[in-house]
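All of the numbers you see were taken from the coordinates with simple rules; none came from a lab. Quick caveat, the model's predicted, so the values are computed rather than measured. Counting neighbours? That spans all protein chains shown, and the Cβs are built from the backbone with ideal geometry, glycine included.
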Amino acid sequence: MIRACCIGWPIHHVRSPLIHGFWLAAYGIEGAYTREPVEPGEAAAFLRSLADRGFAGCNVTIPHKEAAFAAMDEVDPGAVAVGAVNTVWHEGGRLIGMNSDVTGFLLNLDDQVPGWDRETGHAVVLGAGGAARGIVHGLKSRGVETITLANRSFSKAEAIAAGDPRRIRPAAWSALPALLPHADLLVNTTSLGMSGQPPLDLSLDGLKGDAIVSDIVYVPLVTSLLDDARQRGHRTAEGLGMLLHQAVPGFRKWFGVTPEVTPELHAHLAADIQGH
Ligand code: NAP
């Protein structure tokens, strides 16, 4: 029996057991994926004892992603870019970590808007938090030439842009109407529009007709940004797909099968999200 888990605090709301449980059943693998509550400050000790506890690896969620990064013996470039790890496994006594949000975001766009990277010279990214850091790294890795980061707190956008001033430009939130006509891809990485959070109050007037719109918020499944974009005829990529794709590398490492993100898996998670 292969075991993996997700650590966090609190942990009851985490949806990854639904994803991994679906795949374990679909591929007939004798395995288990559980939620493990780990208190703040205890993540490094838990991770160092993963093998002793019988786990092949784990996902890491709030508030442990930065502590997990610090506890790793080896990390992938995406994790370095974000300074946070969300997927962990061990090899020969060494802890290895990656940030699968980066690949999840890219693979979801590949799935929902094939060829998006060939037509994206300029991306406008809303937000400058942890998710934005990973997405900026991912966009650069796919050759996006210019990335403008608009954030409520300008200093946070400036801090990310300082890492590559030639390609990343910070912008004030108030500059968005002037920026939208130049965007090939618009990505919301803020928590605005998420259920329980303030709405994302952004007019898409001025956005080019062939621009692509992506929202990484997945509760609700179709945010008002995506709804507005679809009504205007834009191609879109929604946040649930990113969540599903970010689960793939962990499952492959722990259970030895590369799982597929299928419409059935999407429907399984969508039903859970709509039921809450
Ligand atoms: P974070 O580090 O806390 O960053 C939050 C971002 O939202 C910051 O840019 C923040 O701006 C902005 N923001 C929050 N409240 C705002 C407000 N009232 N007005 C304007 N801006 C506001 O969070 P994160 O980890 O990057 O996650 C952001 C969102 O992405 C969350 O909703 C999360 O659920 C979602 N997410 C989805 C996936 C997926 O798989 N689909 C993966 C990761 C994250 P300031 O800098 O000014 O505070």
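Observations
- The stretch 92-232 shape via C-alpha gyration tensor axes, a/c threshold 1.5: rounded
- Exposure proxy for VAL261, VAL219: other Cβ atoms within 10 Å of each Cβ, ordered fewest to most, give VAL219, VAL261.
- Isotropic mean projected area of the C-alpha convex hull, the stretch 28-134 (nm²): 9.0 nm²
- With the simple model of a label 7 Å out from the Cα in the direction of the Cβ, ALA271 to ALA44 spans 4.3 nm.
- Note that the stretch 186-203 has calculated 3J(HN,Hα) couplings of 10, 10, 8, 10, 7, 8, 5, x, 6, 3, x, 10, x, x, 8, 9, 9, 7 Hz, one per residue in order, obtained from phi through the Karplus relation 6.51 cos²θ - 1.76 cosθ + 1.60 (θ = phi - 60°); glycine and proline are x.
- Counting Lys and Arg as +1 and Asp and Glu as -1 over every other residue whose Cβ lies under 13 Å from the Cβ of ASP164, the net charge comes to +3.
- Relative contact order computed over the chain (Cα-Cα under 8 Å; 6+ residues apart), in percent: 16 percent
- Rounded to 10°, Cα long-axis angle of helix 16-26 versus longest principal axis of the chain: 70 degrees
- For the chain, the convex hull drawn through the C-alpha positions has a volume of 127 cubic angstrom per residue.
- Relative to the longest principal axis of the Cα atoms of the chain, the long axis of helix 263-274 makes an angle of roughly 80 degrees.
- Cα centroid separation - the stretch 231-262 against the stretch 110-175, whole Å: 21 Å
- Between amide H atoms placed 1.01 Å from N, distances below 5 Å from ARG235 occur with VAL213, all of them 5 or more places distant or on a separate chain.
- Expected 222 nm ellipticity per residue - DSSP helices of 4 or more, -39500 (n - 2.57), all of the chain, to 500: -10500 deg cm²/dmol
- Contact order relative to length of the stretch 108-171, as percent, for alpha carbon pairs under 8 angstrom and 6 or more apart: 31 percent
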